[in-house]
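Read-outs: derived from the displayed coordinates by stated rules, not from any lab. Just so it is clear, the model here is predicted, and its values are computed rather than measured. Note that we place each Cβ from the backbone using ideal geometry, even for glycine, and neighbour counts take in every protein chain shown.
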Amino acid sequence: MRVESCRVCKKIFKILEGDHVKIICPNCLENPEATAIALNQYIKKSPKATINMIYKNTGIPIAEIQALAGEGKIGMTPEEVTALLAARQNNLQAMSKIINEQNNLQTMSKIAEPKEKKSVVRMHTRE
Ligand SMILES: [Zn+2]
């Protein structure tokens, strides 16, 4: 059995043999605000960490990471979490489909923008 000090409340907590590495205590893990603080600290230190690494090194469940990203509480967008998950489980075709659709939408909106501006300019020159 090992002990860790919580990155959020600084309290000492026990980690059982064979348990996940945890950087926050069980109390803080139940508090989304505290979890977000610990996650942001970790992402800042390890910006290239995969979702699996984040989970292994923080003890914060992947579902919780997704939820916090969705609420905009961590320095990651839900799309980034989805992309990380897809990279981990690239056999999940459904996920890559979602990402492709999102990329297509982004490309479409990028193409649509300059066209709108051009038509506005044309209207002005006609007047
Ligand atoms: Zn704590």
Exposure-ranked with fewest Cβ neighbours within 10 Å first, R2, R7 stand as R2, R7
What FRET efficiency comes out for Q41 versus E79 if R0 is 25 angstrom and r is the Cβ-Cβ distance? Round to the nearest 0.05.
0.70
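Given 20 °C and 1.002 mPa s, how large is the Stokes-Einstein diffusion coefficient of the range 2-90 in µm²/s, with Rh as the Kirkwood radius over Cα pairs?
The estimated diffusion coefficient comes to 163 µm²/s.
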Label point distance in nm, H20-V3, each placed 7 Å from Cα along Cα→Cβ
2.3
Total lysine pairs whose alpha carbons fall under 24 Å of each other in the range 2-90 (8 or more apart, or interchain)
25
